[in-house]
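The values are calculated or read from the model by the stated rules, or taken from the named source; none is laboratory data. If you're wondering where the values come from, they're calculated on a predicted model, not measured in any experiment. All Cβ positions, glycine included, derive from the backbone under ideal geometry; neighbour counts span all protein chains shown. Heavy atoms of the whole protein, side chains included, go into the accessibility calculation; ligands, DNA and RNA do not. Shrake-Rupley method; radii C 1.70, N 1.55, O 1.52, S 1.80 Å.
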Amino acid sequence: MRSMMSEKENFNLSGPLHLTCVDWNNANHRRSVAACLVRGVKILERDRQENRRGPQALASRWWEFFGFRLHTRLFDDVDHSIFGAIYEFTSPSYHSHLTMNGTPRYIIAFRGTLNKGPACLGSLTKGRACLRDIQLNLHIMKSTLHQTSRFEIAMQSVRNIAVAPFRNSNIWLTGHSQGAAIAMLAGKTMVKEGIFLEAFLFNPPVVSAPIGERVRIARSVGVAVLTVARKAHHQQTDVSEDPFVALSGWVPRLYVHPGDRICSEYIKYFEHRESMEEKGLGWVEKLASQHSVRVIVRSAMGKESEEPLHLIPSAELIVNLTPAKAFKAHGLRQWWRSDLQLQSKVYKYIN
């Protein structure tokens with residue numbers, strides 16, 4: 001079991017060795033590098049758990065291969081696990097052949113949930129880390145991720161890099177699964193502060209049950225009616241004050257697989273918005289896409305609640321149509337493969 005795990009963690013056995021020359025204007029190259037640096041965060045935590053140091057450590061190859069150095073490790077204050085990392089591009093001499101235009105100065109990456117099952121029972125350290133990740137997943141489901149100390153640590157780290165003196169630098173946010181949720185919420189928060197960061201979000205979770213198209217239309221109409229009533233009650237007339245509209249200029253990249261039940265609902269979410277436009281009901285969906293029933297009901301009860309993460313105005317949706325046989329539909333490894341069948345479309349919210 002351990003040898004199989006080490007093989008997946010070893011860049012020389014599992015990484016994109018074909019990517020010897022990175023063109024930073026190539027979307028496939030950018031996707032692959034971002035995914036590998038997210039992988040590096042997870043291996044950093046595995047190195048810590050297994051007490052792998054020096055030549056035995058496996059993490060560094062996942063970023064050094066592309067000319068980055070580890071700038072900062074991000075530790076959770078509860079279980080002390082490494083959940084994120086900040087990488088700085090250094091362009092060492094042995095990578096002088098890289099195409100430099102579009103190179104990120106910093107990449108801030110967040111890992112996904114640690115493996116469940118027997119791997120989490122190997123030690124007290126692993127058990128605590130897995131339990132903490134499960135707690136964070138529950139917060140994502142309840143739309144209370146913003147209340148966790150891990151997100152506060154992540155947010156402060158993002159601000160430290162994104163605000164002066166690096167405000168005008170090319171800075172990326174990236175993450176997988178739970179890490180994608182953290183990166184998305186951090187990106188949305190920075191937009192509200194006037195800073196737009198590039199985001200590469202792999203298999204971001206959707207807190208919404210899959211439903212049929214008729215039910216989806218009925219729900220949209222119902223939410224739109226409730227939204228109008230809510231805005232009338234709060235006397236909100238200036239759309240410029242609407243946080244959903246304010247986010248519309250931010251276009252994160254969402255990487256999803258249709259076979260992944262955790263993130264595939266994003267496909268239906270954006271297709272439904274487009275379908276409503278074609279039916280002449282675009283104005284209904286513009287109202288409905290801004291809020292969830294739960295948040296509206298809680299607001300009517302005088303209770304504040306954060307909107308679900310998946311309610312975003314704009315995005316570039318990249319769907320992997322490659323059959324998930326050689327990889328897991330929710331896995332990160334698929335995103336640095338060179339043989340993917342990808343379908344990409346930009347969805348822009350126009351008020």
Here's a check for you: in segment 290-346, which residue that is hydroxyl-bearing (Ser, Thr, Tyr) and either buried (at least 16 other Cβ atoms within 10 Å of the Cβ) or modelled with pLDDT of 95 or more (or both) is farthest from residue 115 (Cα to Cα)?
299
Which of the numbered conditions does residue 120 fail, given that it passes all the others? Conditions: (1) surrounded by fewer than 21 Cβ atoms within 10 Å (Cβ to Cβ); (2) at pLDDT 70 or above; (3) assigned to a helix (DSSP H, G or I).
(2)
Restricting attention to segment 2-31, and to residues there that are aliphatic (A, V, I, L, M) and open to solvent by 40 Å² or more (accessible area, probe 1.4 Å), which single residue is modelled with the lowest pLDDT?
4
If we keep only residues of segment 96-107 that are open to solvent by 10 Å² or more (accessible area, probe 1.4 Å) and either under 23 Å from residue 42 (Cβ atoms) or under 21 Å from the mean Cα position of the chain (by Cα) (or both), then the residue modelled with the lowest pLDDT is 102
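For (1) under 16 Å from residue 33 (Cα atoms); (2) modelled with pLDDT of 95 or more; (3) among the hydroxyl-bearing types (Ser, Thr, Tyr), each residue gets a yes or a no:
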| residue | (1), (2), (3) |
| --- | --- |
| 47 | no, yes, no |
| 50 | no, no, no |
| 55 | no, no, no |
| 62 | yes, yes, no |
| 70 | yes, yes, no |
| 75 | no, yes, no |
| 78 | no, no, no |
| 83 | no, yes, no |
| 87 | yes, yes, yes |
Hey, residue 68 hits all of (1) open to solvent by 40 Å² or more (accessible area, probe 1.4 Å); (2) closer than 21 Å to residue 106 by Cα but one; which does it fall short on?
(1)
How many residues does segment 132-162 hold that are open to solvent by 30 Å² or more (accessible area, probe 1.4 Å) and within 25 Å of residue 36 (Cα to Cα)?
7
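Would you mention how many residues in segment 40-59 are open to solvent by 30 Å² or more (accessible area, probe 1.4 Å) and at negative phi? Walk me through how you get there before you give the answer.
Pass one, segment 40-59, residues open to solvent by 30 Å² or more (accessible area, probe 1.4 Å): 42, 48, 50-58.
Keeping just the survivors that are at negative phi gives 42, 48, 50, 52-53, 55-58.
Summing the residues that are open to solvent by 30 Å² or more (accessible area, probe 1.4 Å) and at negative phi in segment 40-59 gives 9.
Only one of these is free of Cβ contacts under 8 Å to residues at least 12 places away in the same chain and either farther than 20 Å from residue 202 by Cα or in a loop (DSSP other than H, G, I, E, B) (or both): 16, 55. Name it.
Values: 16 fails: free of Cβ contacts under 8 Å to residues at least 12 places away in the same chain.
Step by step, each of 16, 55 is checked, and only 55 is free of Cβ contacts under 8 Å to residues at least 12 places away in the same chain and either farther than 20 Å from residue 202 by Cα or in a loop (DSSP other than H, G, I, E, B) (or both).
Looking at segment 6-49 only, could you name the residues that are in contact with a Ser or Thr (Cβ under 6 Å, 6 or more places away or on another chain) and charged (D, E, K, R)? Write out each step before concluding.
Just the residues of segment 6-49 that are in contact with a Ser or Thr (Cβ under 6 Å, 6 or more places away or on another chain), to begin with: 8, 16, 18-19, 23-24, 34, 38, 45, 49.
Of everything in segment 6-49, those that are in contact with a Ser or Thr (Cβ under 6 Å, 6 or more places away or on another chain) and charged (D, E, K, R) turn out to be 8, 23, 45.
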